[in-house]
Amino acid sequence: MAAKQPPPLMKKHSQTDLVSRLKTRKILGVGGEDDDGEVHRSKISQVLGNEIKFAVREPLGLRVWQLVSAVMFSGVAIMALAFPDQLFDAIFEEESVSSKTPIRLYGGALLSIALIMWNALYTAEKAIIRWSLLAEACYFAVQFLVTTVTLVESSRIATGAMLLLVSRALFILISIYYYYQVGRRPKKV
C-alpha cells in the first residue's frame, strides 16, 4: 500500500493583502493620527513616544542667559572665597568685616549654585532648565530682600548696593521670563 501524501500546506498571503494589513494596523492602533496629531508607524514608536515631541523649543537668548548666569555665579563665588574683604567693600563700601567666615560660606553656596547653572547649560531637558531658572530667580529675590533690609537697618545708601539691587531686580525679571517661556506649550502648526 502506498502511503498517502498529505496535501501541501497552504500559505496565507495576508501580508500582501492590503485590506488585511489595514485591518491589522487599525486593530493595533497604528497608522492613524493620535490626539496630538502624530502618526505612528509602529506600536513601539507609539508606546515609547517620539523624541521630537519632547525637544524643548528654546526661547531666543536662553542659552546666552544661562552662560552669563553661570559665569556670574562662578565669578562672585570665587571672589567671595578668595577675597571676602574686597567683595564686602565693593557692595557696602565699608573698610573691614569682623569675620570672613560668613562671606566664604556665601561663596561656597554660590559655587554650588554655579555648578547647577553650568549643568543646566548643557542639558536639553525642559524640567532641569526650568528648575535652574526658578532656583536662580529665588536666589536673586532673597538677595534683593536681604540687601534691602541691610541698607534700611544701616540707614546708609551705598552706590554699590543700589547697583546690586537694580541688577538683581533685572535678573529676577529675566529669569522669570525665561522660566515661563520654557514652560509654554508650543503652538500647533
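The values are calculated or read from the model by the stated rules, or taken from the named source; none is laboratory data. All values reported here derive from a predicted model rather than from experimental measurement. Using ideal geometry, Cβ is built from the backbone for each residue, glycine included, and neighbour counts are taken over all protein chains shown.
I113 passes every criterion in (1) aliphatic (A, V, I, L, M); (2) closer than 30 Å to I128 by Cα; (3) modelled with pLDDT under 65 apart from (3). Scan L145, L87, L163 and give me the residue that is at pLDDT 90 or above and more than 30 Å from R185 (Cβ to Cβ). Matching residue, one of L145, L87, L163: L145.
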